[in-house]
Structure formats: structure tokens, C-alpha cells
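Notes for the one structure printed next.
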Amino acid sequence: MSSLPSLAAAAAAVLLLGACSPVATQSSSASTGTVDVPRVSDVTPIADPRSWEGVVDIALPATGIDPVATDPQPDLPVTVTDAQGTEVTVEDTSRILALDIYGTLSQTVYELGLGDSVVGRDISSQFPEIADRPLVTSNGHELNAESILALDPTVVLTDTSLGPWDVILQVRDAGIPVVVTDPHRGLDNLASLTGQVADALGVPREGEELGQRIVDEADAMQADIAELAPEDVNDRLRAVFLYVRGSSGVYYMFGQDSGADSLIEAVGGYDVSSEIGWKGMRPLTDEGLVSAQPDVVLMMSKGLESVGGVDGLLERFPALAQTPAGEHERIVAMNDDQVLSYGPRTADVLNALAIALYAPGDL
């Protein structure tokens, strides 16, 4: 599967995301409210997914942490070589900060059974168990050195999705071990990313168990999705992923090797980017939209909100109206901190998106 190598670059340009949106599902008329997402194996696909009209905006309900161990005993000190080739020695895991743009690292720490040692959080970490921890990010996803240092962490885990990088250097200069994990995200490195976190915290066996669990859940979900989605690729919904921030004038279409292509394929859609040669993350153009002719557009919920909803998106890019997705206002949006997170909730993300594509009436 594809990875997510440079979302950090697109994201850091605007220090993008806000907090999770509330659960909202919309068909031809908008509605909001907390809903339970059924399992894809329990729904029946609609007869003609291309004919569905309207927006489906999904915020996954909060779920409790299910740690693989209740009282893991880290084997310390431990020395690891991080994703940047830096050798880091961790001697104490009693005060952990795990920070990235999606909250994936913090949830991984909790799922490893070390949540009681987490002393702060980023804005994307919204699950109930961490909600009372102080924020160390400001202005969305900007690391705050003063807030980090005030918590006296004994180890910091992060990747390159948050900035400014000078803050990380300042933390290192203060003598705090900083382990940089792989910023690449995709279905192919679920276990390895989990292992990087676990190894740095001295709990490699727990990491192996958690990584395998995440992979097994994602694999099982993809098998269920294969039963729901059309077998013939020509019958699958043509999909593109748009990343927008209207207030900042940021409009991208994510293509091959962006992570979005992997996601679209995993949920039973047809990723158009390979057909039109759209590589990586590139500024959105009218020509690109018309060439893609998507049946459905995938987006982040806050991104859709930032342009004033589907009407605002159509106003900004009239060419969208020349596509099936625009004609039917067929947009699927999901929490900003979940849709491309590729973490412990990957199976939940795949499940909800597949239902939104092929059985939207069940949301």
C-alpha cells in the first residue's frame, strides 16, 4: 500500500487542523447527531451508489482504550535509532509526551498500557482517557516549547508533522530525549510505526502484540469491505481526496503515494489519481477535477467547513459541477484527526468510509 510521506509539508504550511467535529451525517438534507456506525458486514449496499446525492460527514464516536497490557514494565534504559538516524537513549518513561498531527502516537502509547505516564497532549488527541491532560500545542498544531518544558517530560515522541522544528531542538537542548518516529503513514507500516513507539518506551513485546492486532483488524475489515464493494473495478466509485483550508487559501488534491490513494483503494473505491497521473500532493486545478471526473470526493470535515460546505466548494471550483460528484454534491467527509491517521483505529476508519460510499443510508 502507499504511504503518506509529505502530508507534514502540506499541513505545516498552515498549521492546519482544529478539534474533532461532532458526529454528523448528511444525505440530500443535512442532519446532525451522535450515531453508531454499523459494521460493514451488517449493511446492504444501495442499488446505485453513483445516484446518491448529498454529503456524508462522519465523526467516529469516541471509543475506550483497550490496552494490550494493564501494567507493562518498561525494560530501561533503552537505546534506539530513530527515523532520522539519531541515536537516542531513554532512561525514564514516567512522564511521556507523544505528539503528532493526528494524535496517533498518543493513542498508541495508551494502547500499549502506558497511558498513566502521559503528561500532556496535542490538539488532535481527543479520546476520553487523555482529555484532561494539558495541551502543549497552540494555534492548532503549533508546538509550544514553554508548555512542553513546563511538564518536565522524561521522553518526547514525535514525528515531522508538527512544528516549528526549533521547538524540538530546544527540547533536546534541555536534555530531554526526543525520539522521532517515521512520518510516513499507510496500511503497509501500521505494525512498524507501533513498534517504533514501543521500542522507544522499552516495551517491545507489547508493541509486537499491538501492531499485530491493528494489522489483523485492518485486514479483516478489508475482507469485509471486499464483500460490499463491487467486484468489477469499473463499477466502483471513482474517488479523489481533496485537502482544503479555505481561510488559508489552501486547496490540494492528494494523488499517488500520498496515503489517500491507499485509503481509497482499501475502502473499495477506484483511485483516479493513477489514471490521470496525479502524483503526491498538488494544488487543485479545474483541469485536474475535470480530468478526474470523480463520482465522490473525500475530504476532512474541518476542510469542508472552512470553505462554507459544498456550496462554497462549488463556488470556489465551478469545474467540480462538471463532474458526477459535483452534480450530485457527493462528498464524504471525516474527522480531520482520523481519516488519514493510520493508527489504532484504522479498521474503524475503513469501516465507516466504506459504508459512506456504498451504504450511506445506514449512517
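Going by the structure shown, is Glu329 without any contact (Cβ under 8 Å) to a residue 40 or more places away in the chain, over 21 Å from the mean Cα position of the chain (by Cα) and under 29 Å from Ala226 (Cβ atoms)?
Details: without any contact (Cβ under 8 Å) to a residue 40 or more places away in the chain: no; over 21 Å from the mean Cα position of the chain (by Cα): yes; under 29 Å from Ala226 (Cβ atoms): yes.
No.
With segment 155-247 as the region, which helices (runs of 4 or more DSSP H) entirely inside it contain at least 2 residues that are modelled with pLDDT of 95 or more and of a type in the set (S, T, N, Q)?
190-200, 204-228
Taking the condition of a type outside the set (Phe, Trp, Tyr) and in a strand (DSSP E or B), does Leu263 pass? Walk me through how you get there before you give the answer.
Details: of a type outside the set (Phe, Trp, Tyr): yes; in a strand (DSSP E or B): no.
In short, no.
Inspect segment 90-103 for any residue being part of a helix (DSSP H, G or I), modelled with pLDDT of 95 or more and outside the structural domain of Asp336 (by TED's automatic domain parsing) and give the result as yes or no.
Restricting attention to segment 90-103, the residues satisfying the condition of being part of a helix (DSSP H, G or I) are none.
No; the residues of segment 90-103 include none that is part of a helix (DSSP H, G or I), modelled with pLDDT of 95 or more and outside the structural domain of Asp336 (by TED's automatic domain parsing).
Residue by residue through segment 205-227, note down the ones that are over 22 Å from the mean Cα position of the chain (by Cα), touching a residue at least 40 places away in the same chain (Cβ under 8 Å) and in the same structural domain as Gly186 (by TED's automatic domain parsing).
Glu206
Among the residues that make up segment 121-139, is at least one of them over 19 Å from Ile65 (Cβ atoms), modelled with pLDDT under 90 and part of a strand (DSSP E or B)?
There is at least one residue in segment 121-139 that is over 19 Å from Ile65 (Cβ atoms), modelled with pLDDT under 90 and part of a strand (DSSP E or B).
It is to be established whether one or more residues within segment 24-44 are small (Gly, Ala, Ser), crowded, with 18+ Cβ neighbours inside 10 Å, at pLDDT 95 or above and in contact with a helix residue (DSSP H, G or I) (Cβ under 8 Å, 6 or more places away or on another chain).
no
Given the conditions (1) closer than 21 Å to Asp48 by Cβ; (2) in contact with a helix residue (DSSP H, G or I) (Cβ under 6 Å, 6 or more places away or on another chain); (3) crowded, with 16+ Cβ neighbours inside 10 Å, and given that Leu298 satisfies all but one, which numbered condition is not satisfied?
Only one criterion in (1) closer than 21 Å to Asp48 by Cβ; (2) in contact with a helix residue (DSSP H, G or I) (Cβ under 6 Å, 6 or more places away or on another chain); (3) crowded, with 16+ Cβ neighbours inside 10 Å is unmet by Leu298, namely (2).
In this structure, is Leu149 at pLDDT below 95 and among the aliphatic types (A, V, I, L, M)?
no
The values are calculated or read from the model by the stated rules, or taken from the named source; none is laboratory data. Note that the coordinates shown come from a computational prediction; the quantities given were computed from them, not determined experimentally. Every residue, glycine among them, receives a Cβ derived from its backbone with ideal geometry; neighbour counts consider all protein chains shown.
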